[in-house]
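**Student:** Mind having a look at this structure? Questions to follow.
The values are calculated or read from the model by the stated rules, or taken from the named source; none is laboratory data. Keep in mind that this is a model prediction, so the values were computed, not measured. A quick note on method: Cβ atoms are made from the backbone with ideal geometry, for glycine too, and the neighbour counts reach across all protein chains shown. The protein model used for the area step is the full one, side chains on, heavy atoms only, and it has no ligands, DNA or RNA in it. Shrake-Rupley method; radii C 1.70, N 1.55, O 1.52, S 1.80 Å.
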Amino acid sequence: MSDRDPQPVERQLPTEEARDLLALVRDIAQREIAPKAAEEEDAGRFPREIFTLLSESGLLGLPYSVDYGGGEQPYEVYLQVLEELATARLTVGLGVSVHTLATYALASHGTKQQKVEHLPAMLGGGLLGAYCLSEPSSGSDAASLRTKAVRDGDGWVIDGTKAWITHGGIADFYTVMARTGEDGPRGITAFLVPGDAPGVSGAAPEKKMGMKGSPTAQVHFDGVRVPDDRRIGEEGQGFSIALSALDSGRLGIAACAVGLAQAALDEAVRYATQRRQFGRPIADFQGLRFMLADMATQIEAGRALYLAAARLRDAGRPFAKQAAMAKLHCTDTAMKVTTDAVQILGGYGYTADFPVERYMREAKVLQIVEGTNQIQRMVIARHLAGPEGRRTGP
Ligand SMILES: Cc1cc2nc3c(=O)[nH]c(=O)nc-3n(C[C@H](O)[C@H](O)[C@H](O)COP(=O)(O)OP(=O)(O)OC[C@H]3O[C@@H](n4cnc5c(N)ncnc54)[C@H](O)[C@@H]3O)c2cc1C
């Protein structure tokens, strides 16, 4: 134990209820999640029981309406919960964020009857969701997706393969974007597909650099029949639903990135105050003190940025540009801070005896998912300068 164990993050929370909620989450994170993180990530084990616990504790539906079993918490509170979970283990924080993303389509565009029928189980009934947009040949260019849904009597038949699906093969429900019409973004419709529907199957999980406990897999839809009441929103509305889900989802990724970076900083401070070289703790050397100061400053700036975007969202104001900025800044910060943490631990940082090498491997994926950081820059630039290729001449 160091005499400089990290202090809990100083948080601004809007209500007493939110403060209690964060205390509960910190307790679950420290008692149930963090102690097994290293071993289970190494073994590639997904902690399904933790998601059951989170569901039972009301933590899988936080931003959604209490009418359907949600927690009706503002985004600024929900995101800080994600941050705490990701500090304990990214697989859990990111998993909750993806579940929330998968639930978004129904919660925001479902009919009252669809919500009554499905949402309570999705928000607090122990179910786990997955969000299916990417395909083997369409990633950043998601509007070129090829999975098809064809009308058949009073329902639909879905055929195609989704790629890189977090919780692929183990999810209880899939929110699937499929082509029902013309090429491009206007021919896409969203569907809620049960994980056990005949014809749904998950491939073997990808062998990833990090986040090995979080299964990422292709999901095949082979003649999957769903009734029309599993269609979410209007025909052709699926792509705009998918993109608005991602605006909110990116804030989740930003919060997870800040949580991961915080974990790396805490470990670096702990180590630097204990490790002695040249007769002094290495934390005495200005070269390292300035690194720690820069790491802490970038993390605090990231937290402020995602919270500012969340507060715009909570106020019902446009927040897409700020969400893209938060995703970009926070995930680049996580990459930098985790890399610096390895440096501060020296040779020990490069071994699996300490968690920072895992944090560094985990940070990388955050620059890729839910729109790569190149795509975030495109989104931000579009808000500043309009669409690419716009004619400026006569
Ligand atoms: C661990 C993991 C989990 C994931 N989970 C999910 C999930 O649950 N659901 C889901 O639908 N998807 C998921 N994804 C997919 C993820 O969203 C995509 O990987 C991402 O959108 C990039 O797509 P791609 O991998 O096909 O790369 P590509 O789109 O092929 O991009 C390759 C490179 O080209 C760059 N690039 C592409 N277009 C442009 C451009 N116009 N300008 C500049 N640069 C460009 C990209 O930034 C990238 O560097 C996951 C991916 C991973 C790795």
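**Student:** Suppose we filter SER138, SER134 for residues that are open to solvent by less than 30 Å² (accessible area, probe 1.4 Å) and near the ligand (Cβ under 10 Å from one of its atoms); which single one remains?
**Tutor:** Among SER138, SER134, only SER138 is open to solvent by less than 30 Å² (accessible area, probe 1.4 Å) and near the ligand (Cβ under 10 Å from one of its atoms).
**Student:** On the basis of being on the phi < 0 side of the Ramachandran plot and either open to solvent by 10 Å² or more (accessible area, probe 1.4 Å) or of a type in the set (Gly, Ala, Ser) (or both), does GLY58 make the cut?
**Tutor:** Against the criterion (on the phi < 0 side of the Ramachandran plot and either open to solvent by 10 Å² or more (accessible area, probe 1.4 Å) or of a type in the set (Gly, Ala, Ser) (or both)), GLY58 does not qualify.
**Student:** Turning to a different aspect of this structure: Among what's in segment 141-150 and is more than 8 Å from the ligand (Cβ to nearest atom) and not in a strand (DSSP E or B), pick the residue that is most open to solvent (accessible area, probe 1.4 Å).
**Tutor:** Among residues in segment 141-150 that are more than 8 Å from the ligand (Cβ to nearest atom) and not in a strand (DSSP E or B), the one most open to solvent (accessible area, probe 1.4 Å) is ARG146.
**Student:** Continuing with the same structure: Pull out all pairs, ordered by first then second residue, where Cβ-Cβ is under 9 Å, the residues are six or more apart or on different chains, the first lies in segment 190-210 and is of a type in the set (Val, Ile, Thr), and the second is open to solvent by 20 Å² or more (accessible area, probe 1.4 Å) and at pLDDT 95 or above.
**Tutor:** VAL193/VAL200; VAL193/ARG230; VAL200/PRO194; VAL200/HIS220; VAL200/ASP222
The rows are residues; the columns are (1) open to solvent by 10 Å² or more (accessible area, probe 1.4 Å); (2) farther than 21 Å from ALA34 by Cα; (3) not acidic (Asp, Glu).
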position	(1), (2), (3)
LEU85	no, no, yes
ARG89	no, no, yes
GLY95	no, no, yes
HIS99	no, no, yes
GLU117	yes, yes, no
LEU127	yes, yes, yes
ALA130	no, yes, yes
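**Student:** Next question, about the same structure. Considering segment 355-387 alone, what residues qualify as being part of a helix (DSSP H, G or I) and not aliphatic (A, V, I, L, M)?
**Tutor:** Hits for segment 355-387 are GLU357, ARG358, TYR359, ARG361, GLU362, LYS364, ASN373, GLN374, GLN376, ARG377, ARG382, HIS383.
**Student:** Looking at GLN374 and the list (1) open to solvent by less than 70 Å² (accessible area, probe 1.4 Å); (2) within 22 Å of MET209 (Cβ to Cβ), which single condition is not satisfied?
**Tutor:** Looking at each condition in turn, GLN374 falls short on (1).
**Student:** It is to be established whether one or more residues within segment 180-190 are open to solvent by 70 Å² or more (accessible area, probe 1.4 Å) and in a helix (DSSP H, G or I).
**Tutor:** Checked against the condition, which is being open to solvent by 70 Å² or more (accessible area, probe 1.4 Å) and in a helix (DSSP H, G or I), segment 180-190 yields at least one hit.
**Student:** Next up: Among the residues of segment 151-165, how many are within 16 Å of the ligand (Cβ to nearest atom) and surrounded by fewer than 24 Cβ atoms within 10 Å (Cβ to Cβ)? Full working, then the answer.
**Tutor:** Taking segment 151-165 first, the residues within 16 Å of the ligand (Cβ to nearest atom) are 158, 160-165.
Filter once more, keeping what is surrounded by fewer than 24 Cβ atoms within 10 Å (Cβ to Cβ): 160-161, 163-164.
Result for segment 151-165: 4.
**Student:** Determine, yes or no, whether ARG45 is surrounded by fewer than 17 Cβ atoms within 10 Å (Cβ to Cβ), outside any helix (DSSP H, G or I) and not hydroxyl-bearing (Ser, Thr, Tyr).
**Tutor:** Details: surrounded by fewer than 17 Cβ atoms within 10 Å (Cβ to Cβ): yes; outside any helix (DSSP H, G or I): yes; not hydroxyl-bearing (Ser, Thr, Tyr): yes.
Yes, satisfied.
**Student:** Consider TYR306 against the criteria (1) open to solvent by less than 50 Å² (accessible area, probe 1.4 Å); (2) without any contact (Cβ under 8 Å) to a residue 40 or more places away in the chain; (3) among the hydroxyl-bearing types (Ser, Thr, Tyr): it satisfies all of them except one. Which criterion is unmet?
**Tutor:** (2)
**Student:** Then there's this: Take the residues in segment 331-354 that are open to solvent by 30 Å² or more (accessible area, probe 1.4 Å), touching a residue at least 40 places away in the same chain (Cβ under 8 Å) and assigned to a loop (DSSP other than H, G, I, E, B), then tell me which one is farthest from the ligand (Cβ to nearest atom).
**Tutor:** PHE354
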